[in-house]
Amino acid sequence: MSQPDIDFDKIDRAALPALLRSMPKAELHIHIEGSLEPELIFALAQRNGVELAYPDVESLRAAYAFTDLQSFLDIYYAGASVLLKEQDFFDMAMAYFERAVADNVVHAELFFDPQTHTDRGVAFETVIDGLSRACATAQRELGISSALIMCFLRHLSEEAAFETLEQALPFRDRITGVGLDSSERGHPPEKFARVFARCRDLGLRLVAHAGEEGPPAYVWNALDLLQVERIDHGVRSIEDPDLMKRLAKEQVPLTVCPLSNVKLCVYKTMAEHQLPALLDAGLIATINSDDPAYFGGYINQNFTETFAALPQLGAREAYLLALNSFRASFVDEAARRPWVEALDRVFADA
Ligand code: ADE
Ligand code: ZN
C-alpha cells in the first residue's frame, strides 16, 4: 500500500468537493439496471413497443418515493422490462460508463441481474453480449476498465439460481464473480450456500448483499456459509461489536451506498449515516452509487453529499475511501498501481 507524503490537514474544507470529484476512484457496487434513467426507459419502451404504467418521464420520476427496499425493487424491475435486445443492454451500460468517466471512475465492477431478463424470455446470451460489448467499447473509447458480476435474485429459489449458473457457463470467461441481491429480509444467505460453493469451485469471485435491511446475522452467514470476499452494504454490522472486530481483523471490504441508504430509509438523514464509524473501526469501507438513476445521483454525488452532511469526514477520509476502492477491487496489484499513483498525485497537488 502506498504511503504518500500528503499533509491532509493543510487541505481546506472548501476544496473538498472539487477534490472528491477529481480524485480517481473505482465503483464496486452499481446495479447496471439501476443506472437506467427515466429518459432511456421511455426511449427503449418506444423503440421496443413496450407499454409502461406511467404516461411520461415526470410521472415515472415522481414515483421514486420509496419507503423500503421492496418498494424500490417493485419499480426497478418494472423499469427493466424495456430491455429486450442486445443493443438495449449495450446502450444502458454505455450511458453508465459515460457518466462514470465524467466522475473520474477508472474502474467499475458492474452487477447485473440475468433472472430479471431471462424470466421475461430474453436469452442470457442477449444480456451478456450487450453488456460485455459495452465493457470492451468503454475500455477502448473511454479508457475505463470494468468487470461483470452476475447476481442471483435471492427472492427466487436455489434451483433457479443453479439454472442461471448453468446458462452462464458458456460465458464463464466474461464473468468475474457472482453476487446476491434483491429482497433481503426472509431470504438469508444460507439459502444459496450450495450455489456459492459451486461458483467458488468454478473460480468465480464471491460477494453478497448483507446487512442492508437484514440483521448482522446475515453478514456472519455471508462470510461463513457463502465465503464471500466483500459485503455489499453491510451497514447494519455496526449493531454487532464482534462482527465489527471480525470485519476489521479480516479486512473484509464493505461497499457502502449512502444515497441508497437514505432513499430506502435505512437512515432518516445523511447526517445519521454510520460511514465515519465504520472507517474509525478500521473497516475497508468504500462509497458507491447502487442504483444511481433511482437514488438521486452517481458516485460523485454520493461522495459530495456524504461529506457535506458529515463534518467528521475530511481530506484524509476522502483519500482513504478512494484507496479502499482500489484495494477492494478484483483487479490485481499491478493494474491498480497506476490508479493509486494518480490518486497520490491529486492529493499531493491539492
Ligand atoms: N437490487 C438493486 N439494488 C438493490 C439493493 N440496494 N439491494 C438489494 N438488491 C438490489
Ligand atoms: Zn445493491
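The values are calculated or read from the model by the stated rules, or taken from the named source; none is laboratory data. In this text the structure is predicted, and so the values were computed from the model without any measurement. Glycine also receives a Cβ, built like all others from the backbone with ideal geometry; neighbour counts cover every protein chain displayed. Note: areas computed on protein heavy atoms with side chains; ligands, DNA, RNA excluded. Shrake-Rupley method; radii C 1.70, N 1.55, O 1.52, S 1.80 Å.
What to note about this one:
- Verdict on THR126 being assigned to a loop (DSSP other than H, G, I, E, B) and of a type in the set (S, T, N, Q): no
- Within segment 203-234, the set of residues being in contact with a helix residue (DSSP H, G or I) (Cβ under 6 Å, 6 or more places away or on another chain), in a loop (DSSP other than H, G, I, E, B) and within 16 Å of ligand 1 (Cβ to nearest atom) comprises GLY211, GLU213, LEU226, VAL228, GLY234.
- Selection status of SER71, surrounded by fewer than 19 Cβ atoms within 10 Å (Cβ to Cβ), out of contact with any Gly (no Cβ under 7 Å at 6 or more places or on another chain) and modelled with pLDDT of 95 or more: yes
- Qualifying positions in segment 95-111 - within 16 Å of ligand 1 (Cβ to nearest atom) and open to solvent by 40 Å² or more (accessible area, probe 1.4 Å): none
- Contacts under 7 angstrom Cβ, first residue in segment 49-64 being part of a helix (DSSP H, G or I), partner among the charged types (D, E, K, R), 6 or more apart: VAL57/GLU39
- The residues of segment 87-113 that are of a type outside the set (Lys, Arg) and out of contact with any Leu (no Cβ under 9 Å at 6 or more places or on another chain), listed by number, are GLN87, ALA102, ASP103, ASN104, VAL105, VAL106.
- When residues of segment 253-292 are limited to those that are under 16 Å from PHE66 (Cα atoms), open to solvent by less than 10 Å² (accessible area, probe 1.4 Å) and not hydroxyl-bearing (Ser, Thr, Tyr), the one nearest to ligand 2 (Cβ to nearest atom): ASP290
- Test: ALA18 is under 23 Å from VAL106 (Cβ atoms), without any contact (Cβ under 8 Å) to a residue 60 or more places away in the chain and either open to solvent by 10 Å² or more (accessible area, probe 1.4 Å) or in contact with a Phe, Trp or Tyr (Cβ under 6 Å, 6 or more places away or on another chain) (or both): yes
- Residue in segment 177-200 that is more than 15 Å from the chain's Cα centre (by Cα), away from ligand 1 (no atom under 16 Å from the Cβ) and in a loop (DSSP other than H, G, I, E, B) present: no
- Check on LEU206, closer than 22 Å to SER146 by Cα, surrounded by fewer than 24 Cβ atoms within 10 Å (Cβ to Cβ) and in contact (Cβ under 8 Å) with a residue 12 or more places away in the chain: yes
- Residues of segment 286-303 satisfying the condition of being within 14 Å of ligand 1 (Cβ to nearest atom), under 21 Å from ILE41 (Cβ atoms) and not small (Gly, Ala, Ser): ASP290, ASP291, PRO292, TYR294, PHE295
- Matching residues in segment 158-194 - criterion: being within 16 Å of ligand 2 (Cβ to nearest atom), touching an Asp or Glu at 6+ places or on another chain (Cβ under 9 Å) and open to solvent by 30 Å² or more (accessible area, probe 1.4 Å): ARG185
- Scanning segment 112-148 for residues that are open to solvent by less than 10 Å² (accessible area, probe 1.4 Å) and under 17 Å from ALA26 (Cβ atoms) yields ALA138, ILE144, LEU148.
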